[in-house]
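Read the structure below first, then the notes.
The values are calculated or read from the model by the stated rules, or taken from the named source; none is laboratory data. Quick caveat: nothing in here was measured; it's all calculated off a predicted structure. No Cβ is skipped: glycine too gets one built from the backbone with ideal geometry, and neighbour counts run over all protein chains shown. Note: areas computed on protein heavy atoms with side chains; ligands, DNA, RNA excluded. Shrake-Rupley method; radii C 1.70, N 1.55, O 1.52, S 1.80 Å.
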Amino acid sequence: MAGNTNKTLGTLRLQLCIAVLMSLSLFVSYIAAEGYDFNKLATLAKQKYGDEAANDFLELQQLTITLKNASEAEKLSKINNFFNQKIMFADDANVWGQSDYWATPLESLGLHAGDCEDFSIAKYVFLKAVNIPNDKLRLTYVRADLLENNRKVVKAHMVLSYYPTPQSEPLILDNLIPQISPASNRKDLSPVFSFNDKGLWVGNSAKPKSDSQSNLSRWRDVLTRMRADGIE
């Protein structure tokens, strides 16, 4: 009797293991189908930047899993906070020795440094990873009113804009101010143009003017490098 019981328990354990493995394989396929190869990202991060960077991508993977069924408000908040906390602002000249370089999320998170474009790109990419629709997200170039040495200056800046509906006022995700707020509350920002991987908008226009990749060479270049990193 004990032998039969043990055999039955062994069979159940085997069936459970098979079920778990099948569910894991389906999960990996689901992630891969969405175009986010976290295993490749973590491996590249470890090779290029070390254990801390690899652990950051594993943490990011767990965050995306946790947020799959969350509200869009929670997704915006958690992804915005993750990158604002993990990346320290630094000019491209100091990080890359170039006046303007658009980094991939692997580069920004690996170095824990980046400028406004790099924050916005990383947030855009991983909000899509948690199923925020692409047409709700735009990287937005703005003129920003800033104070430097007690003087008001106007500088080019980039933020990520989230549109709950095509006609609604966007919410602004910014590295300068951690709180997400409606665009009308950001009197310091004046939009110039915005884009995602499908289109390009001028000013506050509701309709795209043209294709973004054919008009923005740096955007086209960073998309190509992201695909090489494991982000489609």
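Please name which of Ser184, Tyr101, Asn131 has its Cα lying farthest along the dipole of the range 98-232 towards the positive end, using unit charges on Cβ (Lys, Arg +1; Asp, Glu -1) and the Cα centre as origin.
Positive-end residue among those listed: Ser184.
Report the charge-dipole magnitude of the range 92-232 in Debye, nearest 20, computed about the Cα centre from +1 at each Lys and Arg Cβ and -1 at each Asp and Glu Cβ.
Roughly 440 debye for the range 92-232.
With a 1.4 Å probe and all protein chains left in place, how much accessible area per residue does the range 117-195 have, in Å²?
Values: 3560 Å² over 79 residues.
Result: 45 Å² of accessible area for each residue.
With all protein chains present, how much of the accessible area of the range 46-156 (probe radius 1.4 Å) comes from carbon and sulfur, to the nearest whole percent?
47 percent
Of the cross-linked pairs Lys46/Lys198; Lys40/Lys155; Lys128/Lys155; Lys155/Lys187; Lys78/Lys136, which ones have a Cα-Cα span greater than 26 Å in the structure shown?
From the list (Lys46/Lys198; Lys40/Lys155; Lys128/Lys155; Lys155/Lys187; Lys78/Lys136), the Cα-Cα distance tops 26 Å for Lys46/Lys198; Lys40/Lys155; Lys128/Lys155.
Determine the distance separating the Cα centre of the range 130-187 from the Cα centre of the range 59-122; give it in Å without decimals.
Here the answer is 15 Å between Cα centres.
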